[in-house]
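Data first, discussion second: the structure below is written as structure tokens.
No lab work stands behind these numbers, since they all come straight from the coordinates. Just so it is clear, the structure is predicted and the values come from calculations on it, not from any experiment. Please note: Cβ atoms are built from the backbone with ideal geometry, for glycine as well, and neighbour counts cover all protein chains shown.
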Amino acid sequence: WTTWKPLWMCGYGLSDSTVGIIGLGRIGQAVARRLKPFGVRKFLYTGSGPKPESAAEFGAEFVPLTRLAEESDFVVVTCALTPATQDMCNKDFFGRMKNTAVFVNTSRGAVVNQEDLYDALANGQIAAAGLDVTTPEPLPTDHPLLSLKNCVILPHIGSATYATRSTMAVLAANNLLAGLRGEPMPHELKL
């Protein structure tokens with residue numbers, strides 16, 4: 001094995017794992033639905049408050065952020081960016097995670113303190129990270145996160161499929177038509 005090793009490119013599996021979801025809204029629920037068939041043993045979630053009806057579909061347990069970090073094999077961030085969530089995933093958060101844990105952010109870049117994430121990845125505090133969002137977007141080509149072999153970064157295209165883009169266009173058109181008719185928009189963004 002002079003050019004590669006048998007365990008090269010191996011990662012961690014979802015089967016019998018604990019997945020922590022930060023933000024069990026529409027996207028967090030969609031993530032849980034997609035992960036459940038892979039044999040996830042337990043779902044934990046945190047957010048602005050318990051969502052028993054949504055959580056029941058996955059048997060998810062509402063827990064404090066600290067417990068989610070400590071117990072999860074995979075942490076998936078799907079929450080909104082608010083003053084309360086900015087830099088929420090920071091040195092303290094990563095310090096509580098398992099050194100075998102994988103961190104995934106599909107939310108907003110500013111939810112994560114990227115310097116602290118870099119340190120956690122570079123020092124082996126956590127195993128890996130997958131980022132669909134960063135601050136700024138795109139990252140400068142000399143950003144330290146881009147130098148890490150245990151960090152995969154997409155340019156905010158994690159949802160980029162033909163079907164998703166078509167659905168987004170239909171949703172926007174239906175909202176526009178309803179608004180022009182003076183009717184409630186079927187998918188109104190409530191801020």
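Only one of the values (1) 158; (2) 118; (3) 129 was calculated from this structure for volume of the Cα convex hull per residue in Å³; name its label.
(1)
Run down the aspartates and glutamates and flag those whose C-alpha is under 19 Å from the C-alpha of residue 36, throwing out any fewer than 8 positions away in its chain.
16, 53, 57, 61, 71, 73
With a ≥ b ≥ c taken as the square roots of the eigenvalues of the C-alpha gyration tensor of region 9-64, please select rounded if a/c is under 1.5 and otherwise prolate if a/b is larger than b/c or oblate if it is not?
Working: a/c = 1.98, a/b = 1.84, b/c = 1.08.
Prolate is the answer for region 9-64, as a/c is 1.5 or above and a/b outweighs b/c.
Using helices alone, what [θ] at 222 nm do you get for the chain, with -39,500 (n - 2.57) per DSSP H run of 4 or more residues, divided over all residues and rounded to the nearest 500?
Calculated mean residue ellipticity at 222 nm is -8500 deg cm²/dmol.
What FRET efficiency comes out for the pair residue 2/residue 51, r = Cβ-Cβ distance, R0 = 41 Å, nearest 0.05?
That pair, residue 2 with residue 51, gives E of 0.20.
Please give me, ordered by residue number, the trypsin sites (Lys or Arg not before Pro) of region 95-169 that lie in loop per DSSP and have at most 14 other Cβ atoms within 10 Å. Intermediate results must be reported in sequence, preceding the final value.
Numbers: sites: 96, 98, 108, 149, 165; in loops: 98, 108, 149.
Listed in order of number, the matching sites are 149.
Could you give the longest part of the chain that holds none of the chymotrypsin sites (Phe, Trp or Tyr not before Pro) found in DSSP loops with at most 14 neighbouring Cβ atoms within 10 Å? Working shown, then result.
Numbers: sites that count: 1, 4, 8, 12.
Longest gap between qualifying sites, sites excluded: 13-191.
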